[in-house]
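J.: Sharing a structure here in structure tokens format.
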Amino acid sequence: MKTIVTAGKGGTGKSMTLSHLLKRHILGNGFGRVLIVDADPHQSLTRYLGVQPHTNLGERRHKYAQELRTGQGLEKKSRRDFARQLAQEAITPLEGGDLLVMGKNDEPGCQCVVNTLLGNALDAVAEDYDLVVVDNEAGIEPIGRQNWRVDHLLLFSSPKGAELDVAWQILERADDVDRQIGAAYLLLNRTYTGQDLRAIYADLQKKVSSTVVLGRLPYSEQLDREEYPDETWLAALDKAWAYVHQRMQEKVLL
Ligand SMILES: Nc1ncnc2c1ncn2[C@@H]1O[C@H](COP(=O)(O)OP(=O)(O)OP(=O)(O)O)[C@@H](O)[C@H]1O
Ligand SMILES: [Mg+2]
């Protein structure tokens, strides 16, 4: 199982961009069994994909709240089987892959038990897939429980300092918590024609290892206004993806 994961400050274009990558390049394009995980409680990726899932993992967990509290009705199930059942109930099949929406944790008090259960549910089904694509709220700590390796990290930022700073913090945090990252790709979104990005390139060389490469996506007025990209933006996305895809194939051959 390989993973592609998004990260970056809020509003940098993670979900919108990933929805187009999935539609144009990933689903039905020879990646085998694909699981898309919408790990953002606000479910923007699901919306951008134009999907209305029948349920989500948080909701399924809620449905079993009574059983989970009392243990009644679950006696014959191992924890793993129950986690697997929850995830399978929450999956929405799409053309070319499956979608798992994590949803919200609506239990009061400590969220760790709830999060563990949702994470276990994701882990229980993830191994059935060749590629798992995760869209996050911001950082990458919440994905999976068993310290999943992030094979390909799509790190989003505009050229603005505050957003780049969050991108670097995410990489540092991944290091701190020993979250392994195979290759990280910085996607600079909302760039302008003629914008001088040399300072960012230089900073990049200093701050992070050579695994980080730069893709560049232009600001698109149409995307901003109508949530639908223009051809220039899509062409830039295709170019950035071609690079990522090439790296993915090289890694498979290694
Ligand atoms: N290059 C761009 N030019 C103009 N608008 C853009 C561009 N990229 C994304 N947007 C717009 O920015 C908004 C936020 O995008 P998106 O929801 O993908 O961000 P996000 O990083 O997933 O945010 P969050 O962390 O809150 O989930 C959307 O309305 C999207 O259309
Ligand atoms: Mg998002």
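J.: Taking Y243, is it away from ligand 2 (no atom under 16 Å from the Cβ), outside any strand (DSSP E or B), without any contact (Cβ under 8 Å) to a residue 40 or more places away in the chain and of a type in the set (S, T, Y)?
T.: Spelling it out, it is not the case that Y243 is away from ligand 2 (no atom under 16 Å from the Cβ), outside any strand (DSSP E or B), without any contact (Cβ under 8 Å) to a residue 40 or more places away in the chain and of a type in the set (S, T, Y).
J.: Starting from residues that are polar (S, T, N, Q) and not in a helix (DSSP H, G or I), keep the ones in the range 80-127 and report whichever is modelled with the lowest pLDDT.
T.: Q111
J.: Please work out if G11 is part of a loop (DSSP other than H, G, I, E, B), more than 11 Å from ligand 1 (Cβ to nearest atom) and either free of Cβ contacts under 8 Å to residues at least 12 places away in the same chain or surrounded by 21 or more Cβ atoms within 10 Å (Cβ to Cβ) (or both).
T.: Criteria not met by G11.
J.: Check whether at least one residue in the range 191-206 is at pLDDT 95 or above, more than 21 Å from L171 (Cβ to Cβ) and of a type in the set (S, T, N, Q), and report yes or no.
T.: The answer is no; no qualifying residue exists.
J.: Which one of these is surrounded by 16 or more Cβ atoms within 10 Å (Cβ to Cβ) and farther than 19 Å from H25 by Cα: R173, R225, R190?
T.: The match here is R190.
J.: For the range 48-96, name all the residues that are exposed (fewer than 15 other Cβ atoms within 10 Å of the Cβ) and within 16 Å of ligand 2 (Cβ to nearest atom).
T.: Of everything in the range 48-96, just one residue is exposed (fewer than 15 other Cβ atoms within 10 Å of the Cβ) and within 16 Å of ligand 2 (Cβ to nearest atom), namely G50.
J.: Here's a follow-up. Of the conditions (1) part of a loop (DSSP other than H, G, I, E, B); (2) free of Cβ contacts under 8 Å to residues at least 12 places away in the same chain; (3) over 25 Å from L49 (Cα atoms); (4) not small (G, A, S), D178 satisfies every one except a single condition; which number is it?
T.: Failed condition: (2).
J.: If we scan the range 208-219, do we find a residue that is among the polar types (S, T, N, Q), more than 20 Å from the chain's Cα centre (by Cα) and at pLDDT 95 or above?
T.: no
J.: Under 6 Å between Cβ atoms, at least 6 apart or on separate chains: pull out the pairs that start in the range 26-53 with a residue that is over 21 Å from A240 (Cα atoms) and end on any residue that is part of a loop (DSSP other than H, G, I, E, B) and within 16 Å of ligand 1 (Cβ to nearest atom).
T.: Qualifying pairs under 6 Å: A39/M102; A39/N136; D40/E137; P41/K104.
J.: Out of N29, N56, report the one residue that is closer than 14 Å to L122 by Cα and more than 14 Å from the chain's Cα centre (by Cα).
T.: After applying the criteria, what remains is N56.
J.: Among the numbered criteria (1) under 14 Å from T12 (Cβ atoms); (2) at pLDDT 90 or above; (3) within 16 Å of ligand 2 (Cβ to nearest atom), which single criterion is violated by P229?
T.: (1)
J.: Residues in the range 181-222 that are of a type outside the set (A, V, I, L, M, F, W, C) and assigned to a helix (DSSP H, G or I): how many?
T.: Number satisfying all stated conditions: 8.
J.: Tell me which residues, restricted to the range 27-45, are under 12 Å from A90 (Cβ atoms) and within 16 Å of ligand 2 (Cβ to nearest atom).
T.: Within the range 27-45, V37, D38 qualify.
The values are calculated or read from the model by the stated rules, or taken from the named source; none is laboratory data. Just so it is clear, the model here is predicted, and its values are computed rather than measured. Cβ coordinates were reconstructed from backbone atoms using ideal geometry, including for glycine residues, and neighbour counts include every protein chain displayed.
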